[in-house]
1. Please enumerate the residues belonging to the range 26-63 that are touching a residue at least 60 places away in the same chain (Cβ under 8 Å) and within 19 Å of residue 205 (Cβ to Cβ).
2. Taking the range 252-307, which residues are under 30 Å from residue 159 (Cβ atoms), β-branched (Val, Ile, Thr) and not in a strand (DSSP E or B)?
3. Report whether or not residue 210 is in a loop (DSSP other than H, G, I, E, B) and among the aromatic types (Phe, Trp, Tyr).
4. Determine whether the range 100-108 contains at least one residue that is modelled with pLDDT of 85 or more, more than 21 Å from residue 292 (Cβ to Cβ) and of a type in the set (Val, Ile, Thr).
5. With respect to the numbered conditions (1) over 20 Å from the mean Cα position of the chain (by Cα); (2) closer than 21 Å to residue 178 by Cα, which one is the sole condition not fulfilled by residue 295?
6. Which is closer than 23 Å to residue 207 by Cβ, assigned by TED's automatic domain parsing to the domain that holds residue 93, in contact (Cβ under 8 Å) with a residue 24 or more places away in the chain and touching a strand residue (DSSP E or B) at 6+ places or on another chain (Cβ under 9 Å), of 143, 171?
7. From the set of residues in the range 138-159 that are under 12 Å from the mean Cα position of the chain (by Cα) and not in a strand (DSSP E or B), which is surrounded by the fewest Cβ atoms within 10 Å (Cβ to Cβ)?
8. Could you please find all residues in the range 197-222 being under 17 Å from the mean Cα position of the chain (by Cα) and under 27 Å from residue 299 (Cβ atoms)?
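The values are calculated or read from the model by the stated rules, or taken from the named source; none is laboratory data. Note that this is a predicted model, so its numbers are computed, not measured. All Cβ positions, glycine included, derive from the backbone under ideal geometry; neighbour counts span all protein chains shown.
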Amino acid sequence: MTEKITLEITNETGRIDAVLAKKSLPYSRTVLAEWLQDGHIVVNQTQVKRSYKVNSGDLITILPPAVQNTEIIAENMPLDIIYEDNDLLVVNKPQGMVVHPAAGHTSGTLVNALLYHAPLSTINGSFRPGIVHRIDRDTSGLLMVAKNDKAHQALSEQLKAHKNERIYYALVRGEFSEDSGTINAPLARHKVDRKKQAVQAGGREAITHFEVVTRYVGYTLLKIRLETGRTHQIRVHMTYIGHPIIGDPVYGSAQKLPHVTLNGQMLHAKTLSLTQPTTGELLTFDSELPSYFTKSLATLIPIIQHD
């Protein structure tokens, strides 16, 4: 049974959703926003909006909704499990698989497959069990999944404290003169298209580090390290600097490769590190670039650099 959480505002200022996001709470910002809207989070026993600005002495009460019996059907689907113990597992998600059920995707998701394989944490509710962080449907690569609530809370706190290393490989349009760089540009929901994110003043801090792996004629393979983990962060940032990810239908106008049929953005979550919640051991996992990625790279012309 999930118990209520009570917080008292002392020196904190600003919107309640931003204040709660900075707390070490075992819930994602998305979940907290939903609970604010649905009245599961109240201030001084009164329901408030996400835009409410906290005041000294405010008493915030979080009343997590009762976990409903899940209607998700466990499905026997193949899983590429990189690691598993009693607390968590690390899975290599294929391109094209949705992480968890939502409108239009009630089956065939990673969660459907995971539920068949093992019990999952309940912190994120009945439709996101076990999911500590997500990658987009057409992004492939490594995800950590919590098998119990204690592990979920510990892994979530690691993410909030930026203690996880998450490295992606991306093929982008254009050639780079520099070998590495950092993009520090805040992100917020797009003002017109609410399904998209955009670089906007006043948005949430977003920092992306990149390093050139291989230069090709007209393209560059990048190694990208996330310092923060905002929605669509890499995809938005790369478009922002004029190097959209190849195959991205949303932020890159579906940039194409000659003689190659792509099914989404060429973005792979290659490396993931985490601290095991029970033992405290630092674990690092790496994955090979999937075949859709390597086959596409094989069609490009490398730029030979001379010293």
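1. Correct list: 28 only.
2. Passing the criteria: 278, 279, 294.
3. Considered against the rule, which asks whether it is in a loop (DSSP other than H, G, I, E, B) and among the aromatic types (Phe, Trp, Tyr), residue 210 comes out as no.
4. no
5. Only one criterion in (1) over 20 Å from the mean Cα position of the chain (by Cα); (2) closer than 21 Å to residue 178 by Cα is unmet by residue 295, namely (2).
6. Going through 143, 171 in turn, just one is closer than 23 Å to residue 207 by Cβ, assigned by TED's automatic domain parsing to the domain that holds residue 93, in contact (Cβ under 8 Å) with a residue 24 or more places away in the chain and touching a strand residue (DSSP E or B) at 6+ places or on another chain (Cβ under 9 Å): 143.
7. Once the filter is applied, the top-ranked residue is 159.
8. 208
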